[in-house]
């Protein structure tokens, strides 16, 4: 059942480098949102130096006929933001109704390591970079779309140098969008032979449902042939997101197709964005760090699946 819950679009990949208006090495790991009746993808593009920037694509139906900006939409600016010296990567987009702006949380990368940065926009044409909000090494971050007891909440993944300590998913809180505290582990990577034993990290921003905040996360298993990136699900309490209601035991989506198995980094599915249209979830994912795929699922089926495939409940 897990292989069929998220169904791949039959004409995947939906975007690859042949669709870009200028030369590049790869396009992948796109943030996603709905804007003015269109689906927007803010895509990570790696140029032929190896430096990444962000590029915007638009589609009326979220599937076909993508209209892509002719020039990079958001570039690293190391003269003003030295933490962006080696590029900007993997955006997660959340619409914040309270301030009527979209929060773009992304990874900035430099010789000091990866860290979490924030930009705000009202129109996806001009961007207000707020700079670093979490120091290195940290990534895989997204903001919840609403406050909890007057505080914003942020999910992220610190990465200790000593991997024996584990790379786990954390949650933090703050009264503004730039200063964060009350840090604690939300849930941990598992030990031993589990599919998410190497490290875990948030994939897409939290999605609000009637039964809780739905999380999609990636888990990495280290094997003799290299790492495998697969996806799992968790459900958090609507009023207290530190409470994990369910966490799936099995992975729900993994690399199977040729465009997911072979690329710049083999055996990777890596979503940064999803949108909900009615009961349909549209999941946009990087495939083998080379192109972008689409998979869809019914939100009610997803919620039913996670309850049946979880042993971790109510902590």
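Every number here is computed from the coordinates shown, using simple stated rules; none is lab data. This is a predicted model, so every value here is computed, not measured. In this analysis, Cβ positions are derived from the backbone assuming ideal geometry, glycine residues included, and neighbour counts consider all displayed protein chains.
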* Asked: Just wondering, is there one or more residues in the range 101-112 that are in a strand (DSSP E or B) and out of contact with any strand residue (DSSP E or B) (no Cβ under 8 Å at 6 or more places or on another chain)?
  -> yes
* Given (1) within 15 Å of the chain's Cα centre (by Cα); (2) surrounded by fewer than 21 Cβ atoms within 10 Å (Cβ to Cβ), number of the condition residue 128 does not satisfy -> (1)
* Just give me the residues in the range 82-99 being touching a strand residue (DSSP E or B) at 6+ places or on another chain (Cβ under 6 Å) and assigned to a loop (DSSP other than H, G, I, E, B), in sequence order. => 85, 86
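Please go through the range 12-33 and pick out each residue that is out of contact with any helix residue (DSSP H, G or I) (no Cβ under 9 Å at 6 or more places or on another chain) and either surrounded by fewer than 18 Cβ atoms within 10 Å (Cβ to Cβ) or in a loop (DSSP other than H, G, I, E, B) (or both).
14, 17, 18, 19, 20, 21, 22, listed by residue number.
Here are 128, 123, 140: which of them is without any contact (Cβ under 8 Å) to a residue 12 or more places away in the chain, within 22 Å of residue 57 (Cα to Cα) and touching a strand residue (DSSP E or B) at 6+ places or on another chain (Cβ under 6 Å)?
128
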* Qualifying residue in the range 49-56 (condition: assigned to a strand (DSSP E or B), within 26 Å of residue 277 (Cβ to Cβ), touching a strand residue (DSSP E or B) at 6+ places or on another chain (Cβ under 6 Å) and without any contact (Cβ under 8 Å) to a residue 60 or more places away in the chain) -> yes
